[in-house]
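Participant: Right, I'll just put the structure down here and ask away after.
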Amino acid sequence: MASQRKSVARIESNYMHQYDAYIIRQKRKKQRIIRRLVLFSLIMLFAFGCIAGYHIKQRTVHAEQLEQYEQLERELADLEKEEKMLREEIELLQNEDYVLDIARTNYFLSKEGELIFKIPEEEPSY
């Protein structure tokens, strides 16, 4: 009995036409839902890609600005050290004895009756 299949004739009635139309509507509805989900997924994937690209670009810009900031901080520290040294030199240059000592060593100025001899700092090669 399992090997024999009985074929049932289809009854053409108003109910069967309505049922067939219902089944077709359900298939179309399912296809529309699938299409909408695929479209929504593609839109979300595109939006996520744009946001990820923007984020990576911002991280790169931030890293460059951070590096530039650190470099400017180092330059500022160097300039502050230089300013401090120059201020100390200004204070020293206001001292008359210091100025006279520099004039004697660098410009060979002498006091009255004093002779200055320049001795070479390098040793002779012979």
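The values are calculated or read from the model by the stated rules, or taken from the named source; none is laboratory data. The structure presented is a predicted model; accordingly, all values stated were derived computationally and were not measured. A quick note on method: Cβ atoms are made from the backbone with ideal geometry, for glycine too, and the neighbour counts reach across all protein chains shown.
Participant: Could you list, ordered by first residue, the pairs with Cβ atoms under 9 Å in which the first is in the stretch 74-92 and closer than 27 Å to Ala103 by Cβ and of a type in the set (S, T, N, Q) and the second is at pLDDT below 95 and surrounded by 10 or more Cβ atoms within 10 Å (Cβ to Cβ), at least 6 apart or interchain?
Facilitator: Short answer, once both residue conditions are applied: none.
Participant: I'm trying to understand the selection: among the residues of the stretch 92-104, which are surrounded by 10 or more Cβ atoms within 10 Å (Cβ to Cβ) and part of a helix (DSSP H, G or I)? Outline the logic, then answer.
Facilitator: Step one: filter the stretch 92-104 for residues surrounded by 10 or more Cβ atoms within 10 Å (Cβ to Cβ), giving 92-93, 95, 98-104.
Within the stretch 92-104, Leu92, Leu93, Tyr98, Val99, Leu100, Asp101, Ile102, Ala103, Arg104 meet the criteria.
Participant: Residue pairs, Cβ under 8 Å, 6 or more apart or interchain, first in the stretch 23-50 and charged (D, E, K, R), second modelled with pLDDT under 95 and in a helix (DSSP H, G or I). List them.
Facilitator: none
Participant: Return the total of residues in the stretch 7-21 being in a helix (DSSP H, G or I), among the hydroxyl-bearing types (Ser, Thr, Tyr) and either surrounded by fewer than 10 Cβ atoms within 10 Å (Cβ to Cβ) or in contact (Cβ under 8 Å) with a residue 60 or more places away in the chain (or both).
Facilitator: Pass one, the stretch 7-21, residues in a helix (DSSP H, G or I): 14-21.
When the remaining residues are screened for being among the hydroxyl-bearing types (Ser, Thr, Tyr), the result is 15, 19.
If we keep only those that are either surrounded by fewer than 10 Cβ atoms within 10 Å (Cβ to Cβ) or in contact (Cβ under 8 Å) with a residue 60 or more places away in the chain (or both) too, we end up with 15.
Of the residues in the stretch 7-21, 1 are in a helix (DSSP H, G or I), among the hydroxyl-bearing types (Ser, Thr, Tyr) and either surrounded by fewer than 10 Cβ atoms within 10 Å (Cβ to Cβ) or in contact (Cβ under 8 Å) with a residue 60 or more places away in the chain (or both).
Every residue, every condition in (1) over 22 Å from the mean Cα position of the chain (by Cα); (2) in a helix (DSSP H, G or I), yes or no:
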| site | (1), (2) |
| --- | --- |
| Arg5 | yes, no |
| Ile33 | yes, yes |
| Cys50 | no, yes |
| Val61 | no, yes |
| Glu67 | no, yes |
| Leu79 | yes, yes |
| Ile90 | yes, yes |
| Leu109 | yes, no |
